[in-house]
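Heads up, the thing below is written out as structure tokens.
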Amino acid sequence: MGRMDALPTFDASMLQMLGNMAPPSFVSKMIDMYLTTTEPQVNSVDRAAREGDWGVAAFAAHSLKSSSGNLGLPRLSEAVTRIDEAIRSGDLDQARLQAALVRPLWEEACSALREFRTRL
């Protein structure tokens with residue numbers, strides 16, 4: 001994994017920059033939206049990887065990558081990027097390995113976002 005281990009779970013600078021341009025309530029709403037809308041994507045990655053439905057897994061991973069990247073969640077964003085890359089290259093064992101990381105990384109990311117929100 002190398003480079004993914006070096007990535008932080010949460011890089012607050014993205015939300016801090018947004019907080020410099022928008023009121024804390026807007027940043028809080030963005031966090032809340034992420035917390036409420038991404039679990040179905042995580043569930044889709046899990047289910048699709050178990051069932052070998054790689055088209056669904058790639059779509060869910062791609063959606064999760066965008067939203068995670070926008071909120072400064074580099075480890076999760078990297079894991080879902082690797083799923084997409086592994087599927088495209090036909091390395092389904094690697095895709096399964098990365099898919100198994102998604103839920104724990106997402107849970108860590110959500111905890112970090114909740115903690116950040118309490119400081120707004």
statement: Once GLU107 and ALA6 are pulled to full extension, the length gained, defined as 0.36 nm per residue separation minus their Cα-Cα distance, is 34.5 nm
query: Over all distinct Cα pairs, what is the inverse of the mean 1/r for segment 63-120, reported as the Kirkwood hydrodynamic radius in Å?
result: 11.8 Å
task: Could you check which residue among SER44, SER13, SER63 shows the biggest mean-square fluctuation in a GNM of the chain with a 10 Å Cα cutoff?
output: SER13
- prompt: Picking from SER77, SER25, SER67, which is most flexible by a Gaussian network model of the chain using Cα springs under 10 Å?
  reply: SER25
- line: Nearest 10, in degrees from 0 to 90: the angle of helix 54-70 to the longest Cα principal axis of the chain is 20 degrees
In degrees, nearest ten, helix 74-89 long axis to first principal axis of the chain (Cα): 30 degrees
- prompt: Could you give the angle, 0 to 90 degrees to the nearest 10, between helix 39-51's Cα long axis and the longest principal axis of the Cα atoms of the chain?
  reply: 10 degrees
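Given only helices, namely DSSP H runs of n ≥ 4 each adding -39500 (n - 2.57), what is the per-residue ellipticity at 222 nm of the chain, to the nearest 500 deg cm²/dmol?
Working: 7 runs with 100 residues, N = 120.
Estimated from H runs of four or more residues: -27000 deg cm²/dmol.
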- prompt: P(r) tail for segment 9-118, what percent of Cα pairs lie past 19 Å?
  reply: 41 percent
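Laboratory data are not the source of any read-out in this text; all were calculated from the coordinates shown. Since we're looking at a predicted model, the values are computed, not measured.
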